[in-house]
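Structure first, then comments.
The values are calculated or read from the model by the stated rules, or taken from the named source; none is laboratory data. Just so you know, these numbers come straight off a predicted model, no measurement behind them. A quick note on method: Cβ atoms are made from the backbone with ideal geometry, for glycine too, and the neighbour counts reach across all protein chains shown.
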2 protein chains.
Amino acid sequence: MEIAEELAKQQKAISVAEFFEKNRQILGFDSAPRALITCVKEAVDNSLDACEDAGILPDIFVQIKKSGEYFQVIVEDNGPGIVPEEIPRVFAKLLYGSRFHTLRQSRGQQGIGISAGVLYSQLTSGRPTRVISKIAPDRPAYYCELMINTSKNEPEIIKAEEVDWERPRGTRVEMEMEGSYVRSRRQSVYGSLKSAAIVNPHARLTLVEPEGNVEVFERATESLPKKAYAIQPHPEGIELGELIKLLRYTDKKKLRVFLKETFSSIGTISAQELCKKADLDPEAPPASLDHDEAVRLLLAFKQIRVKSPPVDCLSPIGEELIRAGLEKEFRLDFIATTTRPVSVYSGNPFLVEVGLGYGGELAREGRIEILRFANRVPLVYQQGACAITHAVESVSWKNYSLSQSAGSGIPVGPAVLLVHIASTNIPFTSESKDAVADMPEILVEIDLGLKEVARKLRRYLSRQSLLSERREKEEIIRKILPRIAKKLSDVLDRPEPDIGPVVAKIMGNLLVYRESEQQDGRISVRLVVENHSDLVRSFKLHELLGEKAEAISPPAKVISLGDGYDHHWKLSVGPGQKAIISYQIGANSSGPAKPVVEGLDPEIVTGARAI
Amino acid sequence: MEIAEELAKQQKAISVAEFFEKNRQILGFDSAPRALITCVKEAVDNSLDACEDAGILPDIFVQIKKSGEYFQVIVEDNGPGIVPEEIPRVFAKLLYGSRFHTLRQSRGQQGIGISAGVLYSQLTSGRPTRVISKIAPDRPAYYCELMINTSKNEPEIIKAEEVDWERPRGTRVEMEMEGSYVRSRRQSVYGSLKSAAIVNPHARLTLVEPEGNVEVFERATESLPKKAYAIQPHPEGIELGELIKLLRYTDKKKLRVFLKETFSSIGTISAQELCKKADLDPEAPPASLDHDEAVRLLLAFKQIRVKSPPVDCLSPIGEELIRAGLEKEFRLDFIATTTRPVSVYSGNPFLVEVGLGYGGELAREGRIEILRFANRVPLVYQQGACAITHAVESVSWKNYSLSQSAGSGIPVGPAVLLVHIASTNIPFTSESKDAVADMPEILVEIDLGLKEVARKLRRYLSRQSLLSERREKEEIIRKILPRIAKKLSDVLDRPEPDIGPVVAKIMGNLLVYRESEQQDGRISVRLVVENHSDLVRSFKLHELLGEKAEAISPPAKVISLGDGYDHHWKLSVGPGQKAIISYQIGANSSGPAKPVVEGLDPEIVTGARAI
């Protein structure tokens, strides 16, 4: 017998369940603490998806219980429920689901997640998973106990019965497994629910920890996020093999109809154009195209610019929520955000959102924190494997006022980054969905987003450093000038001069001062504003007076404040220019407080209070 | 209709081929350059495995050709060939193979690799893969063209025929795909073949690049690596679910026989012990054990220490080859290596080997390079995701004389690390097999291995820095003392003193000097050795004389060297002690050269030549 014939005897098909039983680290079950986190994450993602599909505000209950040597993971939701016939396959068959074949943003896309939890549970505890689900108030709840037959990747129903359940609708799953409960910052059940709550403010998440402690992440809004609609594939970046398959299996009879109906963003006119460009008959049956003709059609896709994919297949977090999320978690001095336009990789629309927080109570030393999200799901593990991290590492942060050792890598400084990728198909590096793969198109978009917020940070910081330099300079001047002035006045025996104007001139400030004289029992006031800077200064000038002034020039807007009147002027004073305001008040009127300037930094104003 | 019923309509099974068609980044096809590298790697791994299984020295030919818009990847080997019936499934069915169900070290373990290449090829070029294989000189070669039916994950044979082929045995595969050929340092077809050659010195690898350039990585040895034998699973770390499955499906009738035959490292005695510990009847049928009894048995596995798994399921690279590999690639001043003992994670035996190179022409700035290998396959991508990297990052390298920014992360300095993990089942983070998952047991072993070589480095460097400090100090003393001595001798009009003893005292050196006097026409020599250090110095002292000395005390070993005689003494001199040797020679004997000290560094010896 030949060697090859000997070797052939060992060849054998591998069931996908067997494969993952042996390689469960690929599913995110590589350590005891992580197993619990992964399980909870998969169950909660399913609940959130189901609630959103059904238009229900999610109310999700998570409990981790110690049960002898093992842990029990319980996740219960108020979602639409699952019909009894589908339950076994939804929970106990890998590669089964409703979202894989649809092009729209959702958390679950692979059809693996929760079954992976069931697989790990039966592998480590030897116990079946218990599911209860109810699809309407007037229907009975369905209870079953499930295991996966790993050699076939098919569900095994250990027990099934109708039961009473107080909920009108919902699903509850209970799994027992090896685990270890930790409560560290991010890499914990608590941490990942907290992160999930930030980007899902429409959900109420309740966590009961093993020691009985209850944490509720309350809903911050009653409105569901923008619904993501399923779309057709976009012609940009589609592969030849995919195109050939679509051409072969379509039920459309004519090429131009096929183009219009199969793809998003192709209309009647662009379909005609594409056929012309590719030198193909628009009336030809799609299945009749040979390999070369398909290549020409693909080439035409690249040559004719079709419009971007419809954005409604995606549901971004939004700049406002990103800002709110960062503010909720950190005390910050500065936040910048951006949402990039929709882009496409291999026919899949995606967009990138970035938030950057700076200063406040963030640590000055050490690498910055990166919060990664994909389709509103926090990514907790495998930071080093993620396109988000790689994009952060390859920005030259020194150009944007953050330090970076050896010219690359995660920058160092008091900053935090939040990056969210939304897509109809997130290209994860593995089934554990911890890290986004380095697709070139996605790296480019993250890079652009990072640089946008980085530029905003640089502007903020250079302004800050300018202002703090000014502050130091002015402080010195303010300390030294009065002494000189005092010395001089003593020597010359003359009254001490007001040093305000001198300071304003040296500092290039806006100088505000009053001149007044008694006239016919009334006081005439001249309010002078001198701009000693090189820039046009636009601002509002307020005078708070005990009475309404008269003979006001130029005219002011006057507002009664109860115990007095606010007079204000909108002014714009060019560099080196001055503005003069005059008015009259009664001689016995209470002397006005300092004038107030609104809209300029205090550092550049002398002689008035800046707000 | 209830919402759940609407949603149920979209539920659908997903074929594993469809899954990977959509998520091909998981298989290592996320960018054009990487696609070619991944394809070549999978094909070459298969060839190497097949050759080793058949006991053939591998001779593998790789060619990358430009073909219009696409690239052609050709890999041909002199292996045992594949029987015609198996070819379609080996190349065009995911999750099919001979190594998944066996516990021994091999490159391919998942049954996905080459079919992933075929999948990517048909997806991007729309073309079938061409395979030729021949299993014996007297059999015809079999040729076929294959595609994968992705919705079923089954092969589609486009064409099949018998053909003539000049080889006696072997397999050739040709795929066409989108790609981009780069030739950068490691992340290239060239780079990954070069790395593969280092750890597979028994293979000849030939690469023909698109421009026609031919690179041959010649075989460095004619002997095949140690064969890895299949073993039974080891009881350590086995999961309860796995144990229950084994109990249920075994054909053994008695528990004690089941234990002995199913597991490695369990003999008749330990089987009895286990049963006793678990309070189980050794004669009971394994399938009769209930859940609690299985739990008890698992607990007994943990309580009774069974011996380590047999090492012959693994084929480590070996310290010698690691050293040679590092020397081949880098110019280094220092190399340390270590091979850790066999350990077990989840029932899978594994071992870790580490090599560390330092100095030479390595860059002083920048992070160190890490060469990662798993089962003799170089890991090229996803360094940041890998347990090897994570283990390197969490060592405090400052304790081992390398710098590290922010106290963690990849260290900085002129060093290179090579880490190899050998296992019956490498726990990769994904099917692309780029990174090893963070299994706690593996992290511990890598950490221990790293620290072993790091300690050796620290010893080497502290010795180096001590020596270089001494050298500097001595140089200064040697320059200044003579001037002082000269000055003094001038002033006092006395002969210049020998400064050797003073230097030795200051430096804490071993001082060697001779005193001699004429007596009765002969010369009596006293050879004095003073140890000024704090340590015991053990060494050989040589006197090369033109004649055999007489009245030698203590006695010396004398060896004729042709033109003279070597007299040597083994000495051990304590701190602050001295040794005195005396002998006589003829008065007209040629004066001896400097004495020679063997076994000590030149820096710590004064008055003698150290070798």
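The table below lists the values:
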item: Candidate set: the stretch B:1-20, residues that are of a type in the set (Gly, Ala, Ser) and in a helix (DSSP H, G or I); chosen: the one farthest from the other protein chains (Cβ to nearest Cβ); result: B:Ala17
item: Filtered residue count, the stretch A:409-442, keeping only those that are over 13 Å from A:Arg372 (Cβ atoms) and more than 9 Å from chain B (Cβ to nearest Cβ); result: 7
item: Every residue from the stretch B:153-174 that is of a type outside the set (Val, Ile, Thr) and surrounded by 13 or more Cβ atoms within 10 Å (Cβ to Cβ); result: B:Asn153, B:Glu154, B:Pro155, B:Glu156, B:Ala160, B:Trp165, B:Arg167, B:Pro168, B:Arg169, B:Gly170, B:Arg172, B:Glu174
item: Residue within the stretch A:11-31 that is closer than 26 Å to A:Glu166 by Cβ and aromatic (Phe, Trp, Tyr) present; result: no
item: Selection count where residues are assigned to a loop (DSSP other than H, G, I, E, B), β-branched (Val, Ile, Thr) and within 20 Å of B:Ser423 (Cβ to Cβ), scope the stretch B:197-252; result: 1
item: Criterion (touching a His at 6+ places or on another chain (Cβ under 8 Å) and not assigned by TED's automatic domain parsing to the domain that holds A:Thr262) met by exactly one of A:Asn375, A:Asn348; result: A:Asn348
item: Close pairs (9 angstrom Cβ cut-off, 6 or more residues apart or separate chains): outside the structural domain of A:Glu178 (by TED's automatic domain parsing) in the stretch A:61-75, outside any strand (DSSP E or B) anywhere; result: none
item: Candidate set from the stretch B:393-407 (those that are more than 9 Å from every other protein chain (Cβ to nearest Cβ) and either in a strand (DSSP E or B) or without any contact (Cβ under 8 Å) to a residue 40 or more places away in the chain (or both)); member that is farthest from B:Ile26 (Cα to Cα); result: B:Lys398
item: Hits in the stretch B:502-530 (condition: surrounded by 17 or more Cβ atoms within 10 Å (Cβ to Cβ) and in contact (Cβ under 8 Å) with a residue 60 or more places away in the chain); result: B:Val503, B:Ala504, B:Met507, B:Asn509, B:Leu510, B:Leu511, B:Val512, B:Tyr513, B:Ile523, B:Val525, B:Leu527
item: Selection within the stretch A:1-42 - farther than 19 Å from A:Tyr190 by Cα and among the β-branched types (Val, Ile, Thr); result: A:Ile3, A:Ile14, A:Val16, A:Ile26
item: Residues (β-branched (Val, Ile, Thr) and under 14 Å from A:Ala610 (Cβ atoms)) located in the stretch A:500-556; result: A:Val512, A:Val529
item: Only listed residue being surrounded by 15 or more Cβ atoms within 10 Å (Cβ to Cβ) and either within 14 Å of chain A (Cβ to nearest Cβ) or hydrophobic (A, V, I, L, M, F, W, C) (or both), chosen from B:Leu448, B:Leu492; result: B:Leu448
item: Test for A:Leu527: is it under 30 Å from A:Leu467 (Cα atoms), of a type outside the set (Lys, Arg) and either touching a helix residue (DSSP H, G or I) at 6+ places or on another chain (Cβ under 8 Å) or not in a strand (DSSP E or B) (or both); result: no
item: Yes/no for B:Pro235 being touching a strand residue (DSSP E or B) at 6+ places or on another chain (Cβ under 8 Å) and in contact (Cβ under 8 Å) with a residue 24 or more places away in the chain; result: no
item: In the stretch A:253-266, the residues that are part of a loop (DSSP other than H, G, I, E, B) and not small (Gly, Ala, Ser); result: A:Lys253, A:Lys254, A:Phe263, A:Ile266
item: Residue match in the stretch A:38-59 (condition: in a loop (DSSP other than H, G, I, E, B), surrounded by 22 or more Cβ atoms within 10 Å (Cβ to Cβ) and assigned by TED's automatic domain parsing to the domain that holds A:Ile135); result: yes
item: Residues that are within 12 Å of another protein chain (Cβ to nearest Cβ), free of Cβ contacts under 8 Å to residues at least 40 places away in the same chain and part of a loop (DSSP other than H, G, I, E, B), drawn from the stretch A:99-142; result: A:Phe100, A:His101, A:Gly111, A:Gly126, A:Pro128, A:Pro137, A:Asp138, A:Arg139
item: Residue match in the stretch B:474-483 (condition: within 25 Å of B:Phe334 (Cβ to Cβ) and modelled with pLDDT under 75); result: yes
item: Filter result for the condition that a residue is in a strand (DSSP E or B), out of contact with any helix residue (DSSP H, G or I) (no Cβ under 9 Å at 6 or more places or on another chain) and within 20 Å of A:Asn78 (Cα to Cα), over A:Glu166, A:Glu174, A:Glu161, A:Glu145; result: A:Glu174
item: Check on B:Asp30, within 9 Å of another protein chain (Cβ to nearest Cβ), buried (at least 24 other Cβ atoms within 10 Å of the Cβ) and more than 15 Å from B:Ile114 (Cα to Cα); result: yes
item: In the stretch A:143-155, the residues that are more than 12 Å from chain B (Cβ to nearest Cβ) and of a type in the set (Asp, Glu); result: A:Glu145
item: Residue match in the stretch A:499-508 (condition: in the same structural domain as A:Ile604 (by TED's automatic domain parsing), of a type in the set (D, E, K, R) and part of a helix (DSSP H, G or I)); result: yes
item: Residue count for the stretch A:359-385, restricted to those that are in a loop (DSSP other than H, G, I, E, B), buried (at least 19 other Cβ atoms within 10 Å of the Cβ) and either modelled with pLDDT of 95 or more or more than 10 Å from every other protein chain (Cβ to nearest Cβ) (or both); result: 5
item: Answer from A:His390, A:His420 - the residue that is in a strand (DSSP E or B), at negative phi and touching a residue at least 40 places away in the same chain (Cβ under 8 Å); result: A:His420
item: Lone qualifier among B:Ile198, B:Ile231, B:Ile238, B:Ile244 - being over 20 Å from B:Val377 (Cβ atoms), under 24 Å from the mean Cα position of the chain (by Cα) and either at pLDDT 95 or above or buried (at least 17 other Cβ atoms within 10 Å of the Cβ) (or both); result: B:Ile231
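Table: residues versus (1) out of contact with any Ser or Thr (no Cβ under 8 Å at 6 or more places or on another chain); (2) on the phi < 0 side of the Ramachandran plot; (3) of a type in the set (A, V, I, L, M).
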{"site": "A:Lys254", "(1), (2), (3)": "yes, yes, no"}
{"site": "A:Lys260", "(1), (2), (3)": "no, yes, no"}
{"site": "A:Gly267", "(1), (2), (3)": "yes, yes, no"}
{"site": "A:Lys277", "(1), (2), (3)": "yes, yes, no"}
{"site": "A:Leu280", "(1), (2), (3)": "yes, yes, yes"}
{"site": "A:Pro285", "(1), (2), (3)": "yes, yes, no"}
{"site": "A:Ser288", "(1), (2), (3)": "yes, yes, no"}
{"site": "A:His291", "(1), (2), (3)": "yes, yes, no"}
